[in-house]
Structures are given as C-alpha cells and as structure tokens.
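S.K.: A single structure is presented below for examination.
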Amino acid sequence: MTSQGKPEIDGLHHGLPFLYRLHRPEHQSGEVLVLLHGSGPDETSMIPLGREIMPRATLLGVRGRIIQDGNIRWFTRITPTRFEQESIRTEADAFADFVVRAAEIHDLDLKRAVFLGYSNGANLVSSVMLMHPGFIRRAALLRAMPVLDHPPSCDLSKSRILVVAGASDVTYAPFAPELVALLRSHGAVVDARTVSSGHEFGAEDARVVREWLAGPAAALALSRTS
C-alpha cells in the first residue's frame, strides 16, 4: 500500500527473465490475474482492463521480450497469421518458468490464478497450455488464434477457457472457431463468445470475462486445483 492508503503498482521488476509489474489492491481477494499484452504495447496496457474485471485480485502484468519491427511481442511473427515455431516454444517454456519463480518471490497463489491474454499475448497463453498441460487452469483469451503448427498431445480436461472474438476482426476472428475446436479436442471446457468490436478490446470484453468468471465452469476449474 502507498502511504495514502491507495492501491499500489510496483515499479518495473528486472530480476527475472521477463520484465513485469504488480498491482496490489487495497482489499485483496487472494486471487491473481496474470496479464499478457498484445503486439506493440507493454505490460501496463492490460492493467486497467484487469482492474475492471477483477478489482480485488493482485495483477501481474508481464512484458514480452521479443522486439520485432519496433514492437514488443511474445514470439516472432512471419506474417500476420504465421509465426516462428521455435520462438513460440522457447518463449512459452520460459514464461511458464517465469510465472513459477515470480509466484515464489511475491507469495502469489497460482491455484487461484487466471491468465488474461490479448492477441499475441493470448496466443502465448494457449501455447503454454498445450505445452504445459495443467499449469494454467483458467484462461481468458481475447482475439486469439491457434499458432502452433503441430500441437502436442495433452490432457486439458482440468482447464476452463474463455475465447472472445471480435465480430469485426476480419484478420483473426475467422480463426477463433479453429482455436476453440483445438482446445476442446484436448479436453478443455471452452466458452466461445463474440463481442461487437474489431481487434481492439473494451468494456464489453470486461463484462464478458466477469460473467464467465462468475459462472459454474470457471468455478469448477478453481475447485479442481488442489
């Protein structure tokens, strides 16, 4: 807490492989919301959305470490819908290790964690889920698409996932059904929604994610984390 009793956002942390910030609300619920930005912005860009969705959760805003064409990314892009596979796998492995280490340092309960990714960040989350099954139990993926050319066989039956597409997102929305089918084929319970926007996120996304978090599927995932 600050000396004025207001919620605190930690400064930029440099001690781990990924740069990150923490937002600690005044009245903490014990939940953790891990935020992964899209291409271009940094770790601060998702914090306002995270506050709106889970105002009492500790927010962990993480910065991707790939710089391409002057933009911060989570892995290397070949075209807008094709990605360098070794980069995906290397960064997904590194991110999973980072989250464990950050949780140990800051006493975060990963059993109560939700991962919220947008665009390139959402694609990193889904890749971590497929490569490290059981590590992420609850995830909300905004404007996401499948990016692994050869997803490994895995069991995601303990995972609950929300996929939110933008109705006017002409580049990525067509891939959302493929992502939903992929995750379901590995056993995940997936809730697919479409909001009336393009690739950008906004208040409608916050509402949809809040509703999903309050629903039975996400609550069931939380009950199975022990």
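S.K.: Of all residues being within 17 Å of Asp10 (Cβ to Cβ) and of a type outside the set (Val, Ile, Thr) in the range 38-53, which is most open to solvent (accessible area, probe 1.4 Å)? Just the residue, please.
M.R.: The qualifying residue most open to solvent (accessible area, probe 1.4 Å) is Arg51.
S.K.: Residues being more than 19 Å from Leu124 (Cβ to Cβ) and either assigned to a helix (DSSP H, G or I) or of a type in the set (D, E, K, R) (or both): count how many of those fall in the range 148-172.
M.R.: Of the residues in that region, 2 qualify.
S.K.: To continue, here is another question. Please enumerate the residues belonging to the range 109-122 that are in a helix (DSSP H, G or I), open to solvent by less than 10 Å² (accessible area, probe 1.4 Å) and closer than 19 Å to Asp97 by Cβ.
M.R.: The one that is in a helix (DSSP H, G or I), open to solvent by less than 10 Å² (accessible area, probe 1.4 Å) and closer than 19 Å to Asp97 by Cβ: Gly121.
S.K.: Next up: Given the condition open to solvent by 10 Å² or more (accessible area, probe 1.4 Å), in a helix (DSSP H, G or I), under 26 Å from Thr79 (Cβ atoms) and free of Cβ contacts under 8 Å to residues at least 12 places away in the same chain, answer yes or no: does some residue in the range 123-135 qualify?
M.R.: No; the residues of the range 123-135 include none that is open to solvent by 10 Å² or more (accessible area, probe 1.4 Å), in a helix (DSSP H, G or I), under 26 Å from Thr79 (Cβ atoms) and free of Cβ contacts under 8 Å to residues at least 12 places away in the same chain.
S.K.: Identify all residues within the range 30-53 that are touching a residue at least 12 places away in the same chain (Cβ under 8 Å) and out of contact with any Gly (no Cβ under 9 Å at 6 or more places or on another chain); write none if there are none.
M.R.: Gly30, Glu31, Val32, Pro41, Arg51, Glu52, Ile53
S.K.: Just one of (1) at pLDDT 95 or above; (2) open to solvent by less than 10 Å² (accessible area, probe 1.4 Å); (3) not hydroxyl-bearing (Ser, Thr, Tyr) trips up Ala218, so point out which.
M.R.: If we test Ala218 against (1) at pLDDT 95 or above; (2) open to solvent by less than 10 Å² (accessible area, probe 1.4 Å); (3) not hydroxyl-bearing (Ser, Thr, Tyr), just (1) comes out false.
S.K.: Could you grab the pairs with beta carbons closer than 7 Å, sequence gap of 6+ or different chains, first residue in the range 77-94 and within 15 Å of Gly38 (Cα to Cα) and among the polar types (S, T, N, Q), second one at pLDDT 95 or above and open to solvent by less than 20 Å² (accessible area, probe 1.4 Å)?
M.R.: From the range 77-94, the pairs are Thr81/Met145.
S.K.: If Phe201 passes every condition in (1) over 22 Å from Gly50 (Cβ atoms); (2) part of a loop (DSSP other than H, G, I, E, B); (3) touching a residue at least 40 places away in the same chain (Cβ under 8 Å); (4) open to solvent by 30 Å² or more (accessible area, probe 1.4 Å) but one, which one does it miss?
M.R.: Here Phe201 meets the rest and fails (1).
S.K.: Kindly indicate the residue of the range 66-88 that is of a type in the set (D, E, K, R) and within 17 Å of Ala122 (Cβ to Cβ) and also most open to solvent (accessible area, probe 1.4 Å) among those meeting that condition.
M.R.: Arg82
S.K.: Also: What pairs come up if the first residue lies in the range 161-186 and is closer than 23 Å to Val114 by Cβ, the second is open to solvent by 10 Å² or more (accessible area, probe 1.4 Å) and of a type in the set (D, E, K, R), and their beta carbons are under 6 Å apart, counting only those six or more places apart or on different chains?
M.R.: These pairs meet every condition: Leu162/Asp191; Val164/Arg193.
S.K.: Could you check Val100 against (1) over 23 Å from Ile67 (Cβ atoms); (2) in a loop (DSSP other than H, G, I, E, B); (3) open to solvent by 10 Å² or more (accessible area, probe 1.4 Å) and say which number it fails?
M.R.: Among (1) over 23 Å from Ile67 (Cβ atoms); (2) in a loop (DSSP other than H, G, I, E, B); (3) open to solvent by 10 Å² or more (accessible area, probe 1.4 Å), the lone unmet condition for Val100 is (2).
The values are calculated or read from the model by the stated rules, or taken from the named source; none is laboratory data. Since we're looking at a predicted model, the values are computed, not measured. Reconstructed Cβ throughout: ideal geometry from the backbone, glycine too, with neighbour counts over all protein chains shown. Just the protein is used for accessible areas: all its heavy atoms, side chains included, with ligands, DNA and RNA removed. Shrake-Rupley method; radii C 1.70, N 1.55, O 1.52, S 1.80 Å.
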